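Throughout, read-outs are computed from the coordinates displayed, never taken from laboratory work. Fair warning: this is a prediction, and the values are worked out from it, not measured in the lab. Note that each Cβ is placed from the backbone with ideal geometry, even for glycine, and that neighbours are counted across all protein chains shown.
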Amino acid sequence: MGKVFSYNLFQTLKILVTSDEDLDNNHLMRFARRMGRRTRAYARKNNIPIIDCKRGQRKHEIAEQYLPNDTKFIGLFLITVSRAPNFVFDRVMETVNCIDVSWVDDGSLDRLPTPSYVGRSRMAGIDINNPRIRAVMDAIVNLSANPHGFTAAEIANIVRSQGAEEYAYYTSRNASYDLKKFRGKKLVQKIGNSRRYKPSAEGLRAITAIKVLRENIIKPILAGTAKPNQKHTLQNQDPVNNHYHHIQMEMKNLFVTLGLAA
């Protein structure tokens, strides 16, 4: 949820302000107050209880008291409100900026599969074509906004929750081994002498960029170029799909010029 909330918050702010330069703390706090008023008004209108929680209260225990009796219920049944310390806000905003402005520097993709070292331990490279590695990358992004970092057990829980049969027996020991690969590439770092981890700013940008490149650019384009006889109707299509279509057509022409396709 942290990833989705951060993305939607940032994109909404970009609509409300005239430029990215206006995304300072004053604008963010003003936006938060506005969203708080609207949320409370929505809750009053729809008879949704709002609980203002004190520091140290366990919100999941409070929520259990308000769980609907209907097991098929889908919707919002409770809103809990609490104040986050400043360092939590700063960590969330750092994560939002890293995810929104992501990149991979020259040579990073080529270096990922190569071995690396963590101390004296020689670690295998990172194969982004491995579904398990991609699942770990998803987990790292999902937990990146936590100001206290995350543990290998939390990574393992998210990987298992993805539902794939091959992840059913993915343990914290497996997660520790995979995280060590990311540490070798400076994408993830340990927090002091603890067993908690956090992605570096450069690492989070690189992981996000790799995911976007693979899932939103490379895969859709190559999927289209593999079907040369497929006809597309550009009329009334989504602008993004139109861009994909034009790129696919140019890729086909490039493959023919290079002798890779007939």
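Worth pointing out:
- Put simply, when 56-63, 210-217 are sorted by average Cβ atoms within 10 angstrom per residue, most first, you get 210-217, 56-63.
- Among the listed pairs Lys198/Lys219; Lys190/Lys219; Lys185/Lys211; Lys186/Lys252, those beyond 27 Å (Cα-Cα): Lys198/Lys219; Lys190/Lys219; Lys186/Lys252
- Pairwise label distance in nanometres, Ser121 with Phe31, each label 7 Å out on the Cα-Cβ vector: 3.9
- The distance between label points at Ser194 and Ala164 comes to 2.9 nm (points 7 Å beyond Cα on the Cα→Cβ vector).
- Burial order of peptide ranges 142-149, 202-209, 48-55 (average beta-carbon count within 10 Å, highest first): 202-209, 142-149, 48-55
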